[in-house]
1. Can you name every residue in region B:1-23 that is of a type in the set (A, V, I, L, M, F, W, C) and more than 8 Å from chain A (Cβ to nearest Cβ)?
2. Is it the case that some residue within region C:41-49 is at pLDDT below 95 and more than 27 Å from the chain's Cα centre (by Cα)?
3. Tell me which residues, restricted to region B:29-55, are in contact (Cβ under 8 Å) with a residue 12 or more places away in the chain and within 9 Å of chain A (Cβ to nearest Cβ).
4. Looking only at residues in region C:99-136 that are of a type in the set (S, T, N, Q) and surrounded by fewer than 18 Cβ atoms within 10 Å (Cβ to Cβ), which one is farthest from the chain's Cα centre (by Cα)?
5. Looking for something in a strand (DSSP E or B), surrounded by fewer than 19 Cβ atoms within 10 Å (Cβ to Cβ) and at pLDDT 95 or above - is there at least one such residue anywhere in region C:202-223?
6. Check whether at least one residue in region C:137-159 is in a helix (DSSP H, G or I), within 19 Å of the chain's Cα centre (by Cα), at pLDDT 95 or above and closer than 27 Å to C:V181 by Cα, and report yes or no.
7. Go through region B:130-212 and tell me which strands (runs of 3 or more DSSP E), entirely inside it, have 1 or more residues that are within 14 Å of chain C (Cβ to nearest Cβ).
8. Please specify each residue of region C:175-193 satisfying the condition of being more than 9 Å from chain A (Cβ to nearest Cβ) and at pLDDT below 95.
Amino acid sequence: MNKRFVIASAFAAAAAAPSILWAQKPAEMPSFKAEKCYGIAKAGQNDCASEGNNSCGGTSKRNSDPKAWIYVPAGYCTRIVGGSTSPK
Amino acid sequence: MLSRAGVGLRLPHLSEVVATRPPAGWLEIHPENFLANPHAFELLLQLAGDYPISVHTVGVSIGSASGVDWAHVARIRELIDLVNPVLVSGHLAWSTHRGEYLNDLLPLPYDDETLDLLAMHLHQVQDGLGRPFLVENPSSYFGFGTSTMTEVEFLGELVRRTGCRLLCDVSNVYVSSENLGYDARAYLDGLPAEAIGELHLGGFQSEDDPDAGTRVLVDTHDTAIADEAWRLYTYALRRFGPKPTLIEWDDDLPSFADLLDEATLASVLARQAAQGAPHVAR
Amino acid sequence: MSLAELQQRVRDAIVLGRDALENVSLVAGQGDGWRRLAIHHRHYETSLVKGLLRRFPATAWLLGSPLLIEAARIFIKACPPTAPCLAEYGETFPPWLSGWSELAHVPYAGDFAALDWQLGKVSIEVETPAVTFDVFAALEADAMTAVRLRLQPGLDYLKAAWPIDNLMRLYLTDTAPEHLVLEPEHIWLQVRGARGQFDFARLSESEFLFRQGVHAAIPLGEAADCALDRDDSFDPGRALTALFTDDLVTSILTAASEDTCEIHR
C-alpha cells in the first residue's frame, strides 16, 4: 500500500479518535537535578546556571598549581571490562 | 539614579537575588553569561523590572584589527532591547581575532593606527547597539615599544575624536601603574573628567617574580578591594565628582551580602567626597 | 608591522606558546615583557581547560581528570572558541575525543561525552507551555502530512553504539560497581531538560527517526516515512499523539506559512 496514504490515514485517524485512547504517557523517568553535575553546587534552585564564566578579570592569570583543579584522580574507564572493539 | 554603588551579578548569585531581591543599588552583568543560558536570561528579565541593569561586554572587541564580531553585537542588541540597561560598556582592548575568541582582554599599542581603528569601531558598535558604549581602561601587564602615546593620552584623543564616554576602572589604573611604572594619580589627572560615565573597583592579587626581583599585580577579581585602590578611588571622586560606581567580583565569590558591604563602603566614600572639597573639573 | 600582523603574532603566542612573537618590542616597567605576556598564555590555557572540565563532569569521572586535562590542552590549541559566550564552548570536544588516538581503547568515550554535553545544554533551557493535540486535530486532514512542528528547546536526539546511558546513570546515581562489563549495543536516546533539571530515555529506532525528523523541522509525513522505512510496524498515529501528550510541541507550522501562519494553542 502506498506509504503516504498509510501515513495520512494514520494521522487523520488519530485526529478523529477520542484523545483518551492515545493518552498513554511514557513511564515516569527519573529527573536529575543539574546541580549534581553541571556546575558547583551552591544554595539555590538552579545550580546549572552557574555555567557561563565570562569575566573580565581572571584568577587563571595567577601562577597557581593546576593540580588544584584536578578532582578526579583516575578514570572509571579503567574498571570497565570489555568496552574495546579489538583486543589490546 | 545610580547614586548608590552597584555590584556585579554573577550566575552563582542569580537565583538568590531573584528569590530575595536584596537592596542592591544596581546590577552589572556580562551579557555573554546570559546569552548562552536561556534559563539565566529568563531570570534576568525578572530582575530588570526591579533593578537598574548595566551591560558590560567582554566580547565586543573594538580593538580587533580583523574586525568586530557583528553577530555577537546583534545578539547583545537583542538583549539590550529587552533589558533596557542604564549603561552599556566594553574595553580598550581586543579579545577576538579572525573568528576566534581568546577569552582575555589583550593590550593594544597606542598609536594613530589603533586610534583610527577604535574610532571607526566605536561609531559602528554604537550604531549597532543603539546606545552609547563606554570604554573601560584595561589592566595591563605590558605595553608595546611602538606606542607613540601613553594610555591616558590615547583615551583623551579617543574622547576628543568620537565624543565617547569612559568607564574608569580605578583598580585597573592602580594595577597598570604599578606594573608599568607610572603614577596613578597623574593618570587620573590626565583623564577628561566630563567624559567619565562610570567607575569600577575590583580585587587584585600580587605575584612575585623572584628571578626578575619584581612583582606584578594581577587583576583577578577574586578578592576584596585593596586599601590602595580605596585611596585612589577617593582621589578619583575628588577629581571627577560623584560617578556611578560598581564593585566587581568574579571568582571565589563571597556571599551577596558581603558584596553589598563593599558597595556600601564605596557609597559612603562617595558621600564623604561630595560633602568635602568640591571636585576639580577640567 | 601592521596592527593586524601584530595581533596575529600575539594570538599565536597566547594560543600556541611564546615562540611566535618575533620582532615585537614589549615594555613592562621593571619587569620582563615576555613573562608578562606569559600571563595571558597561562590564562588562555588554564581558564579554557578548567571550563571544559567543569562542562564535562561525567566525562572527567569516566576518563579521570589527568587524561581529560591532557585532551583539553591539545583541543584548546587546535580549536579555540569561535564565539564570546563561553557556555557554548565545547560542542566539538566530543567528536574530537572520538578521534583522539589516546582514547582508542575507550571507543565509547566520544558518545559518552556527547551525552554529557547535551545534558548540560538542555538543563539551562526553558520550556514553554505546550500545544495540545486538539489544535492539531482541528487541521484539514490532507494538510496534516505537510505540517511541521516546533518542539521544546531543551530537547535533543542522540544515537550511540554503546549503552552509554546506563553508564551515565551509574555516574548520576553514584552506583558504579567495582567492575563493569560493557558490550556494544545500539541505542537511540531522547534527552530533555529545562530550568536546572534533565532526563534521558531510550526510544525505538523508528520512534527516534520520527522524533529526530520532526525536531529538525521536517514535514510530519516525511518524518513518518523515514521511520516506516526502518520499521514497517511503526505506528504514525500513535507516534504523533505521543509528541503532544509528552508536551513537546510548542507550535504548529502549516505548509504554506513558514513562520507567518503559526497556530498556537
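The values are calculated or read from the model by the stated rules, or taken from the named source; none is laboratory data. If you're wondering where the values come from, they're calculated on a predicted model, not measured in any experiment. Glycine also receives a Cβ, built like all others from the backbone with ideal geometry; neighbour counts cover every protein chain displayed.
1. Of everything in region B:1-23, those that are of a type in the set (A, V, I, L, M, F, W, C) and more than 8 Å from chain A (Cβ to nearest Cβ) turn out to be B:M1, B:L2, B:A5, B:V7, B:L9, B:V17, B:V18.
2. Yes, because at least one residue in region C:41-49 is at pLDDT below 95 and more than 27 Å from the chain's Cα centre (by Cα).
3. Across region B:29-55, the qualifying residues are B:H30, B:P31, B:E32, B:N33, B:F34, B:N37, B:A40, B:L43.
4. Among residues in region C:99-136 that are of a type in the set (S, T, N, Q) and surrounded by fewer than 18 Cβ atoms within 10 Å (Cβ to Cβ), the one farthest from the chain's Cα centre (by Cα) is C:T132.
5. yes
6. Checked against the condition, which is being in a helix (DSSP H, G or I), within 19 Å of the chain's Cα centre (by Cα), at pLDDT 95 or above and closer than 27 Å to C:V181 by Cα, region C:137-159 yields no hits at all.
7. B:205-209
8. The one that is more than 9 Å from chain A (Cβ to nearest Cβ) and at pLDDT below 95: C:T175.
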